[in-house]
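Taking it in order: structure first as structure tokens, then the write-up.
The values are calculated or read from the model by the stated rules, or taken from the named source; none is laboratory data. On a predicted model such as this, the values are computed, not experimentally measured, just so you know. Cβ sites come from the backbone with ideal geometry, for glycine too, and all protein chains shown count toward neighbours. Note: areas computed on protein heavy atoms with side chains; ligands, DNA, RNA excluded. Shrake-Rupley method; radii C 1.70, N 1.55, O 1.52, S 1.80 Å.
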Amino acid sequence: MPTFPNPHDIKAIPGTEGWERMYPYQYQFVTDDPERKAYEEQTFWFYDGLHYPEPLYPFDTIWDEAWFLALSQYNNRIFQVPPVRGVDHRIINGYVYISPVPVKNPADIEARAPHFMERAGYYYKNWDALEEKWKQKMKNTIAELQGLSIPTLPEMEDLRVVTEGLGESKGFHLIKAYDDLINLGIKCWQYHFEFLNLGYAAYVFFLDFVQKQFPSIPVQRVTQMISGIDVIMYQSDEELKKLARKAIELGIEQAVTFSQEWSEVEPALKKLPKGKEWLAALDKARDPWFYISTGTGWYHHDRCWNDAMNVPLSGIATYIGKLKQGANIERPMDQVRAERDRIVKEYRALIEREEDRKTFDELLGTAKTVFPYVENHLFYVEHWFHSIFWNKVREVAAILKEHGLIADIEDVWYLRRDEVKSALWDVVTAWATGTTPRGTKTWPKEITWRKGVMQKFREWHAPPAIGTAPEVIQEPFTIVLWGVTNKSLADWAAVQQVKDPSTISVLNGFAGSPGVIEGRARVCRTVDEVRQLEEGEILVAPTTSPSWAPAFAKIKACVTDVGGVMSHAAIVCREYGMPAVVGTGHATKVIKTGMLLRVDGSTGAVNIAR
């Protein structure tokens, strides 16, 4: 096994000393607690670039805190997953490192199994009904979020406070509204993991069974057996296709595509009778389908389409162009499903025992039933809910700005969520008293320093893993979602040891989606860069998000830094029938835009011809 840095040997970047105060204290690697220090050094930690391709702003850590709790509680305290408890978290220089906590005692694994079978079994048997209940819970939570009012602080309270004996001030209601906002976010993430671990588990059970039947079967082949399933995560993209067709039907496609700026296109369309009809169709699609993040949704700067209309406009223009060329813009679902059914039939026929064929059918059926949730939950949580949540926080930030604690609304993200609560108390008590908040002197200086720290964090290259690597990585979610295996660790370490990246001619990753293709690379780290994609290029990205869907109508293949066979990039490429290599570790650092690549989605190799 390759060796990785000791977490306690990684020093602060010069000029960032004291950065630890930007994050919750339990996220720190410690040196003054011998027991915890020994645990941290003996544990294997890997960088969660799947969710965080850049360092975390202090406030944005809320979602990491939320899933730190939610995933772990469902694994360990609710469903009692036999081989693994929760997932531990740490932060170094703004980057999140995680480590699944295994159940080491075989007797404990055996004792947990009956509880898991009873509890998980109930969900699997009642999946459809429970999932419908889940959807309603999420819609109710989103409605509650949308309806949450963030009150401002008046010069004098309304007379009704006296005449109606209300007994409560706007200051109290501001503090309460912020608490309600944060609690809604945490509750949303409680729901996020209610089904998710079980969704992945069903796939892992099926994978384990098939691999025991066919030891040499590629993991990718198993994933193809549950492909071709419609999920709502594609619906936002489908709405763009509908709007592209409608623009052509109405004969206004030139008015829609003459500019890349929505601020120019919208007023031009309003002057046309057919343009108004098209805008009405667009407005109907915007709620909820334009509440889709331009990124993963994990960062506050991942604005949704409703806040960044140039992004969906670009997608619509792409589809209009393809349609005018006579191209088919539909995902090749029939082809994908035919290939899926062929693979299932061939492997099933090779199973000798009738009992094993029955188990195969049952596990495959369960995996196909639960699979849509694995993708669909993203829309409800990371996209729809998060998009509204970030803007509610901006309403809170506007109050901090009004009272002089921050210079700009976007400065709020440099405060932890508990620091925002303290700052609000400062504002409210000063407002009540008629004095100046203390934070007007403390926060501007601190935020300026933190901005400098964040910039240095961005320039730092986070090692893919730290601590002591296990002899064998067996934790299934780590493998299928993050793409972390003994082989991938060895591949990442080998690349990291190369002093001159320009000498690297081959990168190895996971075979995410089958096929071999050659083409020019386009390295895209943000949705703005995705707009630069040209027809027939190969997308190279840290990871991908659903908002990038129109890009898949242009590209020939996809290569990512992080992710396993169940990552978003791998799933989408299989649905589009194009090659993908995921989890290469270093693709965006090694590959430059314009390089000629040969992507083998069947073996996981990316050849670089300079």
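Among the listed values (1) 222; (2) 186; (3) 176, the one computed from these coordinates for volume of the Cα convex hull per residue in Å³ is (2).
Separation of region 431-484 from region 333-393 is 33 Å, based on Cα centroids.
Residues of region 159-192 with the amide nitrogen closer than 18 Å to a label point 7 Å from the Cα of Lys421, along Cα-to-Cβ, please. Residues 171-190 fall inside that zone.
Decide, for region 501-608, between rounded, prolate and oblate: order the square roots of the alpha carbon gyration tensor eigenvalues as a ≥ b ≥ c, take rounded if a/c falls under 1.5, and otherwise choose prolate if a/b is larger than b/c, else oblate. Could the numbers behind the result be given before it?
Details: a/c = 1.35, a/b = 1.09, b/c = 1.24.
Rounded, because the longest to shortest axis ratio a/c is under 1.5.
With θ taken as phi - 60° and the Karplus curve 6.51 cos²θ - 1.76 cosθ + 1.60 applied, the whole-hertz 3J(HN,Hα) list for region 427-439 is 5, 5, 5, 5, 4, 5, 8, x, 10, 8, x, 4, x Hz, x standing for glycine and proline. Let me know the shape class of region 157-303, please: from the alpha-carbon gyration tensor, a ≥ b ≥ c as square roots of the eigenvalues, rounded when a/c is under 1.5, otherwise prolate if a/b is greater than b/c, or oblate. Taking the square roots of the gyration eigenvalues as a ≥ b ≥ c, region 157-303 is oblate. Phi-derived couplings, Karplus 6.51 cos²θ - 1.76 cosθ + 1.60 at θ = phi - 60°, listed residue by residue for region 51-59: 9, 10, x, 9, x, 7, 5, x, 5 Hz, with x used for Gly and Pro.
Toward the positive end of the charge dipole of the chain, with +1 on the Cβ of Lys and Arg and -1 on the Cβ of Asp and Glu, the farthest Cα among Asn328, Thr141, Phe379 is that of Asn328. Treating r as the C-beta distance of Arg245 and Lys137 and R0 as 25 Å, the FRET efficiency rounds to 0.15.
How would Arg417, Arg77 rank on accessible area, largest to smallest, probe 1.4 Å? It would help to have the intermediate numbers written out before the result.
Details: Arg417 70, Arg77 180 Å².
Most to least solvent-accessible, the answer reads Arg77, Arg417.
Taking the Cα centre of each part, how many Å lie between region 33-69 and region 539-610? If we compute the Cα centre of each part, the gap is 26 Å. The HN-Hα couplings worked out from phi for region 549-557 by the Karplus form 6.51 cos²θ - 1.76 cosθ + 1.60 (θ = phi - 60°) are 3, x, 4, 6, 7, 9, 7, 9, 6 Hz, whole numbers, x standing for Gly and Pro. Site pair Asn328 and Thr448 shows an inter-label distance of 6.1 nm when each label is modelled 7 Å from Cα along Cα→Cβ.
If you rank Tyr122, Tyr95 by how much accessible surface each has, with a 1.4 Å probe, what is the order from largest down? Kindly include the intermediate steps, with their values, before the conclusion.
Values: Tyr122 130, Tyr95 15 Å².
Of Tyr122, Tyr95, the descending order of accessible area is Tyr122, Tyr95.
Of Val84, Asn183, Val527, whose Cα points farthest to the positive end of the dipole of the chain (charges on the beta-carbon: +1 Lys, Arg; -1 Asp, Glu; origin at the Cα centre)? My answer, from the dipole projection, is Val527. Solvent exposure of Val162, expressed as accessible area, is near 110 Å², computed with a probe of 1.4 Å over the protein chains only.
May I ask what percent, to the nearest 5, of DSSP beta bridges between residues of the chain are antiparallel?
Values: 29 of 38 bridges.
The antiparallel fraction comes to roughly 75 percent.
In whole percent, how big is the carbon plus sulfur part of the accessible area of the chain, probe 1.4 Å, protein atoms only? Display every interim value, and only then the final one.
Numbers: 13600 of 26160 Å².
Its accessible area is 52 percent carbon and sulfur atoms.
In percent, how large is the relative contact order of the chain, given Cα pairs closer than 8 Å and 6 or more residues apart?
So the answer I get is 18 percent.
Taking the Cα centre of region 501-608 as reference, the dipole from Cβ charges on Lys and Arg (+1) and Asp and Glu (-1) amounts to some 120 debye.
Ranked from the most accessible area to the least, with a 1.4 Å probe and all protein chains present, what is the order of Leu323, Leu166, Leu350? List each step's numbers first, then the result.
On the way: Leu323 50, Leu166 75, Leu350 110 Å².
The ordering from most to least exposed comes out as Leu350, Leu166, Leu323.
Look at the dipole of the chain built from charges on Cβ: of His173, Ala609, Leu153, the Cα furthest out on the positive end belongs to Ala609.
Distant-in-sequence amide contacts of Arg85, defined by a placed amide H-H separation under 5 Å and a gap of 5 or more residues or a different chain, comprise Val101, Val103. Taking every DSSP helix (H) stretch of at least 4 residues in the chain, weighting each as -39,500 (n - 2.57) and dividing the sum by the residue count yields a mean residue ellipticity at 222 nm of -16500 deg cm²/dmol.
Per residue, region 501-608 exposes 29 Å² of solvent-accessible protein surface, assessed with a 1.4 angstrom probe and all protein chains in place.
Applying 0.36 nm per residue to the separation of Asp208 and Lys104 and subtracting their alpha-carbon distance, the gain on full extension is 35.4 nm.
Taking other residues whose beta carbon is less than 13 angstrom from the beta carbon of Asp128, and scoring Lys, Arg as +1 and Asp, Glu as -1, yields +2.
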